[in-house]
1. Within the range 61-86, what residues put their amide N at less than 11 Å from the label point 7 Å along the Cα-to-Cβ vector of VAL13?
2. What is the spin-label model distance, in nm, from LYS30 to GLU136 if the labels are put 7 Å beyond Cα along the C-beta direction?
3. Any idea what % of Cα-Cα pairs in the range 57-103 are farther than 15 Å?
4. Can you list the lysines whose alpha carbon is less than 21 Å from that of LYS49, not counting same-chain residues fewer than 8 positions off?
5. Roughly speaking, to the nearest percent, how much of the chain's 1.4 Å accessible area is carbon and sulfur?
6. Which shape class applies to the chain: rounded if a/c is under 1.5, otherwise prolate when a/b exceeds b/c and oblate if not, where a ≥ b ≥ c are the square roots of the Cα gyration tensor eigenvalues?
7. Please work out the average accessible area per residue across the range 1-102, using the 1.4 Å probe convention, and give it in Å².
8. Please give the charge dipole size of the chain, origin at the Cα centre, charges +1 on K and R Cβ atoms and -1 on D and E Cβ atoms. Round to the nearest 20 debye.
Amino acid sequence: MKAQAASINFTHVFAALICIINTKLPVVVKLIVHRLLSQFQKSYKRNIKLTCISSLKLIAHLVNQYVMHEIVALQLLALFLENPTEDSIELATTFTLECGKILTQLSPAGVSAIFDRFRLILQEGLVSKRCQYTIEKLF
């Protein structure tokens with residue numbers, strides 16, 4: 001997890017490595033996932049943006065590799081969009097860009113609800129132009 005946080009560009013490689021480890025040692029991967037989610041929760045509560053983004057990217061790639069369930073991803077997106085702020089919208093768009101395709105395949109109804117929430121945020125216009133632009137990149 002430290003190596004992934006230090007080099008975010010290679011997150012997909014670390015996720016593939018964790019996927020391979022999962023085939024032989026699923027208990028170790030369960031521990032990694034638990035620590036990863038714990039790290040994300042702490043950084044989200046403390047508003048540490050870089051740690052949040054690195055954790056989210058690894059979570060997204062673990063969802064892409066079928067190591068983590070898509071419900072975890074949908075719950076994270078619902079958390080971000082429940083009370084939207086500029087930071088939470090940026091996290092949600094980053095996360096959606098990383099694992100949106102697999103979520104669309106696995107849970108189209110859930111992704112539809114998430115995109116409806118994005119549309120509602122755009123229509124209300126309560127966020128800055130920069131955040132509106134990041135949301136528009138998804139569409």
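The values are calculated or read from the model by the stated rules, or taken from the named source; none is laboratory data. As the structure is a prediction and not an experimental result, all values here were calculated from the model. Glycine gets a Cβ as well: all are built from the backbone with ideal geometry, and neighbour counts include every protein chain shown. Each accessible area value is taken on the protein alone, full model and side chains, heavy atoms only, with ligands, DNA and RNA left out. Shrake-Rupley method; radii C 1.70, N 1.55, O 1.52, S 1.80 Å.
1. Flagged as within label range: none.
2. 4.7 nm
3. When every Cα pair of the range 57-103 is considered, 35 percent fall beyond 15 Å.
4. Excluding near neighbours in sequence, the set is LYS2, LYS57, LYS129, LYS137.
5. Heavy-atom surface of the chain belonging to carbon and sulfur, 1.4 Å probe: 59 percent.
6. It comes out prolate by the Cα gyration axes.
7. For the range 1-102, the per-residue accessible area is 57 Å².
8. Its charge dipole is roughly 500 debye.
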